[in-house]
Ligand code: SF4
Ligand code: SF4
């Protein structure tokens with residue numbers, strides 16, 4: 001499989017190690033990535049809020065670039081995924097809008113046709129590759145307890161995105177399980193991380209994060225697993241800000257899913273990913289094989305009377 | 001503003017009211033809204049009521065507090081999407097020069113750099129050190145052309161001058 005890779009501004013320039021982890025793992029599943037001259041998706045809370053027409057035209061330009069190469073787009077950020085998917089939905093449903101956008105793209109030698117699909121790494125791994133194939137490649141399981149946060153913009157609007165069940169998301173939990181992790185349920189699983197209002201009202205934004213973190217901390221996970229660079233930054237750096245504002249004491253490590261996948265595949269260079277983390281975690285450095293691990297989990301299950 | 005764009009604005013507001021009309025004030029949106037949970041000045045149920053009865057949000061600038069998390073959109077039993085309604089209201093408010101400064105700043109950066117936050121040489125270096133490819137960039141002139149042709153350049157210009165007035 002070959003994709004036009006859309007890391008998005010936030011991942012590319014603020015979370016390059018997460019991008020690195022994606023580029024490290026996908027070749028192991030026969031996926032090839034191509035880089036194109038994309039702009040920002042663009043982000044709904046800024047550009048779309050200012051001008052809906054500008055948003056849809058820039059998104060159409062991005063999609064048209066991939067279409068010109070005959071490629072589907074692989075997104076890595078929930079925000080980019082939603083933005084491009086909503087724009088595509090609108091353009092495919094509304095021929096007038098599509099024609100208007102194409103009038104402008106013509107000057108750039110581009111045309112939006114609607115031929116490329118938008119796929120997030122989450123969907124690539126769960127829907128295309130599948131957890132059986134992933135777990136068959138795991139050589140170094142990661143036996144930690146985690147909570148997952150799929151992210152607002154991968155879940156909603158459910159009528160357009162279809163990534164997972166918007167009220168009861170389970171796929172990221174299953175992906176974690178396939179690497180040997182134990183996913184925990186928590187109260188506010190589908191709640192926003194607060195990033196969406198950070199630019200407008202930062203105290204409100206961190207108060208939302210405080211609520212979310214409180215719900216997470218209750219189940220005492222070793223780490224939070226996300227599929228979006230913006231959620232990553234909000235959880236990881238935001239905890240400290242929330243602690244400062246509200247006197248809380250959150251200190252939970254955060255991972256972008258493919259970092260853990262790279263570790264589980266025992267790929268070289270994963271230490272350069274972990275070196276960039278601000279909340280550190282001691283991952284079991286064991287060389288234990290999968291078989292040993294399996295027996296371990298079996299042993300720990302209490303036999304029913 | 002020309003009469004034509006004012007008409008357009010009035011029409012859009014009328015359309016918005018219509019999409020909000022099915023609301024029966026159950027409050028599911030409010031109880032699902034993460035912003036309302038911590039900042040009661042954005043009350044989704046009251047906002048929908050106010051849009052239906054007065055054609056605007058309860059108090060000026062409220063629309064910008066919405067995180068666009070789409071929880072209200074997901075859960076409304078009547079299919080009302082306050083998130084989308086507020087997005088349209090943000091567009092109208094931006095056209096009136098009322099966009100928050102940080103939103104303007106991000107959009108300016110996108111127009112200049114093709115990216116929401118300015119790309120620093122430090123982050124370019126960090127990519128290089130990690131063995132990540134240099135990403136191809138869009139021609140800035142193309143991006144500017146699209147900003148101008150679709151109205152965002154004008155909205156930015158307008159908000160620049162109003163925020164300039166405010167700071168004087
Ligand atoms: S959930 Fe829908 S019907 Fe209920 S108050 Fe909100 S907008 Fe109205
Ligand atoms: S989209 Fe906005 S109004 Fe709706 S629940 Fe989220 S923050 Fe609240």
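Read-outs: derived from the displayed coordinates by stated rules, not from any lab. Just so we're clear, the structure is a prediction, and the values are computed from it rather than from any experiment. Don't worry about glycine lacking a Cβ; one is built from the backbone with ideal geometry, like all the others, and counts go over all protein chains shown.
Legend: mean number of C-beta atoms from other chains within 10 angstrom of residue C-beta atoms, peptide B:57-68, equals 4.
Highest mean packing comes first when the peptides A:186-195, B:56-65 are listed by Cβ atoms within 10 Å, giving A:186-195, B:56-65. Fully extending the segment from residue B:54 to residue B:75, taken as 0.36 nm per residue of separation minus the present Cα-Cα distance, adds 5.2 nm.
Only helical runs count toward this figure. For the protein assembly as shown, summing -39,500 (n - 2.57) over DSSP H runs of n ≥ 4 and dividing by all residues gives -15500 deg cm²/dmol at 222 nm. Sorted fewest first by neighbouring Cβ atoms within 10 angstrom, A:119, A:219 come out as A:219, A:119. Projecting label points 7 angstrom from Cα along Cα→Cβ for residue A:266 and residue A:136 puts them 1.8 nm apart. Comparing B:136, B:118, B:77 in a Gaussian network model of chain B where C-alpha atoms under 10 Å apart are linked, the largest mean-square fluctuation is found at B:136. Modelled spin-label separation between residue A:243 and residue A:128, with each label point placed 7 Å from Cα along the Cα-to-Cβ direction: 3.9 nm. Note on the stretch B:36-102 and the stretch A:1-56: Cα centroid distance 28 Å, given to the nearest whole angstrom.
Under the rule a/c < 1.5 gives rounded, and otherwise a/b versus b/c splits prolate from oblate, where does the protein assembly as shown land using the Cα gyration tensor?
Prolate.
Mean per-residue shielding of peptide A:3-11 is 2, counting Cβ atoms of other chains within 10 Å of each Cβ. Seen against the Cα atoms of chain B and their longest principal axis, helix B:152-167 is set at about 80 degrees. Other protein chain C-beta atoms within 10 Å of residue C-beta, averaged over B:39-45: 2.
Label separation (residue B:128 vs residue A:93): 4.6 nm, computed from points 7 Å beyond Cα along the C-beta direction. How far is helix A:52-68 tilted off the main Cα axis of chain A, in degrees rounded to 10, range 0 to 90? The angle comes out at about 80 degrees. The stretch between residue A:37 and residue A:117, if pulled fully straight at 0.36 nm per residue, gains 27.0 nm over its current Cα-Cα span. Summary of packing: across the peptides A:226-234, A:34-42, the per-residue average of other C-beta atoms within 10 Å ranks them, highest first, as A:226-234, A:34-42. Give the angle, between 0 and 90 degrees and rounded to the nearest 10, that separates the Cα long axis of helix B:101-113 from the longest principal axis of the Cα atoms of chain B. Long axis of B:101-113 versus the principal axis of chain B: about 40 degrees.
Available extension along the chain between residue A:182 and residue A:220 is 12.5 nm, counting 0.36 nm per residue and deducting the alpha carbon span.
Springs join every pair of Cα atoms under 10 Å in this Gaussian network model of chain A, and among A:45, A:201, A:62 the largest mean-square fluctuation is at A:201.
Each principal axis of the Cα cloud of the stretch B:54-162 was taken in turn, and the coordinate range along them, longest first, works out to 54, 35, 21 Å.
Applying 1/(1 + (r/R0)^6) with r as the Cβ-Cβ distance of residue A:281 and residue B:24 and R0 = 35 angstrom yields a FRET efficiency of 0.15. Using the Cβ-Cβ distance between residue B:10 and residue A:167 with R0 set to 41 Å, the FRET efficiency from 1/(1 + (r/R0)^6) comes to roughly 0.65.
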